[in-house]
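Please read the structure below before turning to the comments.
The values are calculated or read from the model by the stated rules, or taken from the named source; none is laboratory data. Just so you know, these numbers come straight off a predicted model, no measurement behind them. Reconstructed Cβ throughout: ideal geometry from the backbone, glycine too, with neighbour counts over all protein chains shown.
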Amino acid sequence: MTRFFYKAKNNQGEIVTGTVRAANQPEAEKILVAHNLIATEIIQEKTKTTLGFFTKKVSAKDKAVFSRQLATMLSAGLSLTKGINILIKQAKNEQLKKVFTDIYRDLEEGFSFSASLAKHPEVFDRVYVSVVSSGESTGRLDAVLTELADEVENDNAFINKVKGSLYYPVFIFFVLIIAGILLMIFVVPKLQSIFDSAGENLPFATRLLIGVSGFIIGWWWILLILIVGVVVFLRYWMQTDAGRFFFDKLRIKTPGLKVIFEGVAMYRFTRVLAMLISSGVPLLDALKIGSAVVDNVVYEEAVTEVVHQVEKGVSLSTQLLKDDIFPPLIGNMVAVGEETGELDKVLVKVSKYYEESTSDLTKAISTIVEPAVLVLVGLAVAFMVFAIYLPLYNMSSVVK
């Protein structure tokens, strides 16, 4: 099944956008008609392709920069095609230059900007395409591009902050583990020869250390195959539905990690939902798009169920409060937004709350975990020093 991006009119004459899976374009049009939608534009999405091992990918920073540059050129009165042509000449990233060239060609052939973007899902996700589409419909393309640039920058800064806080203790742990392995390979064997020549009865700790060292040196290839095999298997399994569901569920069930992954998911969900609604995207379409940004299968399924219930007439806040996977704060704040008619503004406040609380939490966890890792590794090092020093001390006592 192929995914098609569409722009269509509903029974109320409103312009809606989204994606539909079908075998071909005629079938996609039939599916839209069955949902009382008349397609005004429909285009097949390109599959994500690998452009080579050394190809530089389009970073979030690149995406934010060209969005802001294009917004500035449009607000200054330049045409869209002229602006894209300038970006082609300025682009240093080869993939980005190729994407801009394709977009320029599509615009010259009469495609809309949003439809051209949809052909490059490896660079422009559904949120970006949908917001651009709404900007085209309202004549606010320069404004929405500025909003998208801000959104990309904020999201990238937030995610990097969370990752940085979590990765640093892990980095320290692995560096110290590698140092321990090097000690086992290069230092312990030399000491073993000294102990053997002395003919001393070695303490249990020393014999254990020498045994581990001998195992690593003698069976390193088995350990290497085992580690590589486990990594390859896990990477493959995580690409399957069962594997992804298992690890995503593990993330939101593990104490400590649960609050972090929940915070990141709720931040992204509410932030994107607010941006889409304020851009004029209908609530149902916004929810469908929002389900893809939570980056967790469990939450995706929960949001999909929310969509089904809202389609049946259930209010958004009611369903969010009914499902235990969503924090009560989300449902209660959405209820306030529904009552006041300012759902987008309320969602912005909720996303801000999750951004700040999750950032503070990751800092706190990092502050606790980092010394804990150092203590654990320090104990291991102390054991090794003890195991090495004790027989040396006994040998020196004998000499005296």
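Within region 317-346, the residues that satisfy the criterion of being among the small types (G, A, S) and surrounded by 15 or more Cβ atoms within 10 Å (Cβ to Cβ) are S317, G331, A335, G337. Checking the stated criteria, L87 turns out not to satisfy the condition of being assigned to a loop (DSSP other than H, G, I, E, B), modelled with pLDDT of 90 or more, over 25 Å from V281 (Cβ atoms) and not assigned by TED's automatic domain parsing to the domain that holds R271.
The residues of region 69-117 that are acidic (D, E) and touching a Lys or Arg at 6+ places or on another chain (Cβ under 9 Å), listed by number, are E94, D102, D106. Selection within region 1-34: residues that are of a type in the set (K, R) and part of a strand (DSSP E or B). The member of this set that is farthest from R126 (Cα to Cα) is K9. Among the residues of region 93-106, is any farther than 24 Å from E153 by Cβ, β-branched (V, I, T) and at pLDDT 85 or above? Checked region 93-106: at least one residue is farther than 24 Å from E153 by Cβ, β-branched (V, I, T) and at pLDDT 85 or above. Scoring V131 on the criteria (1) within 21 Å of A265 (Cα to Cα); (2) modelled with pLDDT of 90 or more; (3) of a type outside the set (D, E, K, R); (4) touching an Asp or Glu at 6+ places or on another chain (Cβ under 9 Å) leaves a single failure, condition (2).
Each residue in region 93-106 was checked for being over 18 Å from K61 (Cα atoms) and surrounded by fewer than 18 Cβ atoms within 10 Å (Cβ to Cβ), and 3 pass. Apart from one condition, V314 fits all of (1) part of a loop (DSSP other than H, G, I, E, B); (2) at pLDDT below 85; (3) of a type in the set (A, V, I, L, M); (4) surrounded by fewer than 20 Cβ atoms within 10 Å (Cβ to Cβ); the exception is (2).
The rows are residues; the columns are (1) hydrophobic (A, V, I, L, M, F, W, C); (2) surrounded by fewer than 12 Cβ atoms within 10 Å (Cβ to Cβ); (3) in the same structural domain as K352 (by TED's automatic domain parsing); (4) in contact with a Leu (Cβ under 9 Å, 6 or more places away or on another chain).
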residue: G218; (1), (2), (3), (4): no, yes, yes, no
residue: W221; (1), (2), (3), (4): yes, yes, yes, no
residue: V231; (1), (2), (3), (4): yes, yes, yes, no
residue: Y236; (1), (2), (3), (4): no, yes, yes, no
residue: T240; (1), (2), (3), (4): no, yes, yes, no
residue: R271; (1), (2), (3), (4): no, no, yes, yes
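Restricting attention to region 242-263, the residues being surrounded by fewer than 22 Cβ atoms within 10 Å (Cβ to Cβ) and either among the small types (G, A, S) or in contact (Cβ under 8 Å) with a residue 40 or more places away in the chain (or both) number 12. Restricting region 107-153 to residues that are more than 22 Å from the chain's Cα centre (by Cα) and of a type in the set (D, E), the residue that is surrounded by the fewest Cβ atoms within 10 Å (Cβ to Cβ) is E109.
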